[in-house]
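What follows is a short report on a single structure.
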Amino acid sequence: MVHQDQGKLVQVVAADVGLVAPPSRYVLSKENRPTTVAQQAKLVIPIVDVSRLAMPDDVEEAAKLRSALQSWGLFVVTGHGMSKEFLDEILEATRKFFHLPLEEKQKCSNVIDGVKFQNEGYGIDRIDSDEQILDWDLLHEYTLESGRVTMDVLKAMAKLLNQEEGFFINMVGERFKSYSRFTYYPPCPRPDLVNGLKPHTDNSVITLLLMDKDVSGLQVLKDGHWVDVPVLGNDLLVVVGEGMEIVSNAIFKAPWHRVVTSANKERLALAVVYQPEPERIIGPPGVLVHEKRPAMFKKCLVQTLADGYWDAFAAGDRTVDFLNVRINAEADAELEGRAVDVSGLQVLKDGHWVDVPVLGNDLLVVVGEGMEIVSNAIFKAPWHRVVTSANKERLSLAMFYQPEPERIIGPPGVLVHEKRPAMFKKCLVQTLADGYWDAFAAGDRTVDFLNVRINAEADAELEGRAVVANN
């Protein structure tokens, strides 16, 4: 028997012209309400060109994929081969369906005869209890062929682990199932009080998302902060699911994500969820289990995971935890602590502190004040800092390259002219070195602490001109 509120469709509730706030059934407790992500919004979601992943010598794109999977659990897909016109047609057809009269949409209801809930169909997510907070979304499922992109991604993920291309495909079955979930988020008068879709992880192997081209709303939990996924245009988003987490023995993790609503704009999304064949038994494969990485999950029937998903979703839990499939959470946490996957460096950009993500085997170059002086402030030394982690240690190695200490440096004549006067006095390098720690203790730049900079006003004016020119 379905819950009595299963038929109360959000699209109908939202259409009430007198609605100034969502009904109490949708309102989250204060501690669970969406909060601002202003600082985190500057983070860049990793981008992978899927067309390059099949190239055997493209180690750069493979490195991007590895970094994205290990630090985010999701990434933007470019080079997928689907035309703009094709993707626009899909979103427009979705929008037209949700704008049909209610009686037309009800012909595709996900409630059968008022007594049985099914995953397929038009309606809201399953309701299990009076306490369960409803999500501000509507569902309509449909099938979309996007297996080619998913296959390319699965092959590339296998190669990252030094396995044959078909490694993951063979484990989940070539006839693995796909479900298309069309979701409509109507405007909500108080988006600060509700979820569009509550925080959750996917129980898929891979989820492929086509999102609204005009309205953002998806957020991913990254290092304890909710980060906005921006509008992606014609690009897609790949999200790792718990199925992949199991068959990769937790090398690849399913990220927590949620959807927030807009006060005055509707939003559409199409998620294609790829799951293993339901009769398959999956678990960590032997080649990924060893003394340093024991098995993190029990073997389990795929259908059992599928059956438990909505109960776990309603409880706000991961399916693998809700069903007690994870057997080595302590070892998993220990491995995470060992792994070089802890970010901490932040750089000040346009008044906001922005996280520098984990870079894998890549390096980071930072311009120093010495370069700022000898380039006459054409190149600037950025403010940066390091934040700590609550439960992980972090290491870094910095190599500093400085001029010979007995040198006198300053802006060279070829970089000084009427439009760009000299920005700094000439100074002895050793003097700069001696003054560094005093400036550091005072929270100041060395060139300012030692009064080496002589033309700050002209510098600011030039910066203003540069911004105008770039715009």
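The values are calculated or read from the model by the stated rules, or taken from the named source; none is laboratory data. Bear in mind the structure is a predicted one, so any value in this text is a computation, not a measurement. Using ideal geometry, Cβ is built from the backbone for each residue, glycine included, and neighbour counts are taken over all protein chains shown. We work out accessible area using only protein heavy atoms, side chains counted, and drop any ligands, DNA or RNA first. Shrake-Rupley method; radii C 1.70, N 1.55, O 1.52, S 1.80 Å.
Quick notes
- Residue within region 221-244 that is touching a Lys or Arg at 6+ places or on another chain (Cβ under 6 Å), buried (at least 18 other Cβ atoms within 10 Å of the Cβ) and either not in a helix (DSSP H, G or I) or not basic (Lys, Arg) (or both) present: no
- Among the conditions (1) at negative phi; (2) open to solvent by 10 Å² or more (accessible area, probe 1.4 Å); (3) assigned to a loop (DSSP other than H, G, I, E, B), Ser204 misses just one, which is (2).
- Selection count, region 276-302, where residues are acidic (Asp, Glu) and open to solvent by less than 50 Å² (accessible area, probe 1.4 Å): 1
- Residue in region 423-455 that is farthest from Arg407 (Cα to Cα), counting only those that are open to solvent by less than 70 Å² (accessible area, probe 1.4 Å) and in contact with a Lys or Arg (Cβ under 7 Å, 6 or more places away or on another chain): Ala439
- Residue within region 267-285 that is of a type in the set (A, V, I, L, M, F, W, C) and over 22 Å from the mean Cα position of the chain (by Cα) present: yes
- From the list Met151, Met157, the one residue that fits, being assigned by the TED database to the domain that holds Glu266, modelled with pLDDT of 85 or more and surrounded by fewer than 20 Cβ atoms within 10 Å (Cβ to Cβ), is Met151.
- Restricting attention to region 181-201, the residues that are among the aliphatic types (A, V, I, L, M), open to solvent by less than 10 Å² (accessible area, probe 1.4 Å) and assigned to a strand (DSSP E or B) add up to 0.
- Top-ranked residue in region 348-378 [being part of a strand (DSSP E or B) and either over 30 Å from Val59 (Cα atoms) or open to solvent by 40 Å² or more (accessible area, probe 1.4 Å) (or both); ranked as modelled with the highest pLDDT]: Leu348
- Among the candidates Gly241, Gly308, the residue that is of a type outside the set (D, E, K, R) and in contact with a strand residue (DSSP E or B) (Cβ under 9 Å, 6 or more places away or on another chain) is uniquely Gly241.
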